[in-house]
Amino acid sequence: MTSNERIKDKIDLYFDDAVAIRTYLHENPELSDQEYETSKYLKEKCKDLGLLIEDVRDSTGFTALLDTGRAGKILGIRTDIDALPIEESEYNLKNKKEVISKNPGVSHACGHDSHMATLLTAARILAELKDDLNGKIYFIFEEGEETGGGIHQMLDHLEDKNLDAVYGNHISPFMDVGEFKVIKGLSHAGCADVDFDVVGKGGHASRPDKCNNPLTATAQILNALTNAWVHRLDVRDTVTFGIGAINGGTTSNVIPDRCNVKGTLRFQNPEAGKEALELFKEVATATAKANRCEIIFNDDTEIVTDPVINDPELTDKVRQSLEDIYPGSRTEAEPGYGAESFYGYSKLCPTVFTRFGAGNDEKGIRAGAHTPEFEIDPEGIKYGIGLQVKFATDFLTGVFDD
């Protein structure tokens, strides 16, 4: 039996268990930096596999070590573990979902439940293949990917592990089951958070002339930023600006003292991202002043993630493993504007971040991440497991050294 047949047979053997893991995690999501029960559940699963658990300081994240006892390379395979503050719909784009969150207002609307199920099942298979491998694998369970709340603690934890590579992946309903994207070089955008208060002078709505209205000032700030984005940023370096929240005032006849705005900037060129953030601050401050208001930028108005850049040589190796186990499954792709805390691992060693498909038109599974209708076809998990295991075995058995 070839190694590919062994891997696929084991995936078939454990696939129902993988789906059950995903179902449990989907029904019991926890918000970023609050993944206490999730972490406990994952640790128990890892202990059952005989893996060595190492807690990450000041974090719900942890690592689980598979040590073959033989000299060789050291590989990290990472999953995120947090959910989002989104009330899940009972329906996808067409049908009623089979599994929904039991935690009101919280859901795995980005697929992290499937990432955890994929990694746990890959760990189970790799533990059974231990005698055929050399070196070590650190299975990385990262806290708070959506907020960036756990990446720095995880990097500190891994700093002395002498990793040779870190592999990560993300599920996507925009791709069909069985499809993969493995981009060489720039894969995901960097991100800056913006969070600011427009502070004015409130009062009775019957006399707006006696007030410095932060709501009208906010409207003009956003219009001014739109104009600045078109005319002052280099058109060769796209930077997106998305508003996520505007909060100010509670009733029709009272002008409030302040209005809060939250959003993000996304960029593929780090220098363009820095320039855009400074432009944002300049324009917002000047426009607020013109409206007799002031701006208070809150502490998290800053660049929070750099772009994810896949190491070219490591990407070629992953592509080689993919073509071997699932020939013809790789689709061409352009870099996206979603951000990922996975960028941090490149500070330690070469990294690669892949996408695997879980979309199904017949089942109505096409809704984008971070939406109430988001859903994945569990069949996609099967392929995510396959590439993880295949690449890990190739990497730790010297296939790429020939």
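The values are calculated or read from the model by the stated rules, or taken from the named source; none is laboratory data. Predicted model only: the values in this text are computed from it and were never measured. Ideal geometry is used to build each Cβ from the backbone, glycine not excepted, and the neighbour counts take in all protein chains shown. The area values use the complete protein model at the heavy-atom level, side chains included, leaving out ligands, DNA and RNA. Shrake-Rupley method; radii C 1.70, N 1.55, O 1.52, S 1.80 Å.
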Accessible surface of T305 - all protein chains present, 1.4 Å probe, nearest 10 Å²: 20
Taking +1 at the Cβ of each Lys and Arg and -1 at the Cβ of each Asp and Glu, which of T218, N360, L13 sits farthest along the dipole of the chain towards its positive end, judged by Cα position relative to the Cα centre? T218
Ratio for region 296-402, C-alpha Rg to 2.2 N^0.38 Å, reads 1.31
Sequence of Y91, Y167 when ordered by accessible area, the most exposed leading, probe 1.4 angstrom: Y91, Y167
Cross-link pairs K8/K102; K8/K43; K40/K363; K45/K102 - those with Cα-Cα distance over 30 Å: K8/K102; K40/K363
Per residue, how much accessible area does region 8-70 have with a 1.4 Å probe, in Å²? 51
Net charge of Cβ neighbours under 13 Å - reference D306; Lys, Arg +1; Asp, Glu -1: 0
Accessible surface of the chain [probe 1.4 Å, protein heavy atoms]: carbon and sulfur percent: 47
Once R0 is set to 22 Å, what does the formula 1/(1 + (r/R0)^6) return for the Cβ-Cβ distance between R330 and E27, expressed as a FRET efficiency to the nearest 0.05? 0.10
If you restrict to DSSP beta bridges whose two residues both lie in the chain, what percentage is antiparallel, to the nearest 5? 70
What ranking of F196, F15 comes out by heavy-atom accessible area, probe 1.4 Å, highest first? F15, F196
Directionally averaged projected area (convex hull, Cα atoms, region 1-94), nm²: 9.3
If each residue of separation counts as 0.36 nm, what is the full-extension length gain between I53 and I100 once their alpha-carbon separation is subtracted? 13.9 nm
Counting only C-alpha contacts under 8 Å and six or more residues apart, can you give the relative contact order of region 252-402 as a whole percent? 21
For L155 and N298 in the same chain, what is the full-extension length gain: residue separation times 0.36 nm, less their Cα-Cα distance, in nm? 48.9 nm
Expected-Rg normalisation [2.2 N^0.38 Å, Cα atoms] applied to region 155-253: 1.79
What are the extents of the Cα atoms of the chain along their three principal axes, in Å, largest first? 82, 42, 41
For region 166-256, with every protein chain kept in place, what is the accessible area per residue (1.4 Å probe, Å²)? 47
Label-point separation (nm) for A224 and R70, each offset 7 Å from Cα along Cα-to-Cβ? 6.6
For the chain, longest principal axis from Cα atoms; helix 379-396 axis from its Cα atoms; angle between them, nearest 10 degrees, is 60
So how do 249-255, 81-87 stack up, highest first, on mean other-Cβ count within 10 Å? 81-87, 249-255
Classify region 101-159: rounded, prolate or oblate, from the alpha-carbon gyration tensor (a ≥ b ≥ c, eigenvalue square roots; a/c under 1.5 rounded; otherwise prolate if a/b is larger than b/c)? oblate
Rank by packing, highest mean first: peptides 136-148, 335-347, 360-372, with packing defined as the count of other Cβ atoms within 10 Å averaged across residues. 136-148, 335-347, 360-372
May I ask for the angle, rounded to the nearest 10°, between helix 112-128 and the longest principal axis of the chain, with both axes built from Cα atoms and the value confined to 0 to 90°? 20
Calculated from DSSP helices alone, with each H run of at least 4 adding -39500 (n - 2.57) and the total divided by the residues of the chain, [θ]222 nm to the nearest 500 comes to -11000 deg cm²/dmol
A correct Stokes-Einstein calculation for region 61-148, using the alpha-carbon Kirkwood radius, 4 °C and 1.567 mPa s, returns a whole-number D in µm² s⁻¹ of 86
Return the whole-Å distance between the Cα centroid of region 50-117 and the Cα centroid of region 321-366. 16
Between 0 and 90°, nearest 10: helix 270-290 axis offset from the chain longest Cα axis: 20
Placing +1 on the Cβ of each Lys and Arg and -1 on the Cβ of each Asp and Glu in the chain, which of T63, L322, V198 has its Cα farthest towards the positive end of the resulting dipole? V198
Would you list, by chain and number, the lysines whose Cα falls below 19 Å from the Cα of K181, excluding same-chain residues fewer than 8 positions away? K317, K382, K390
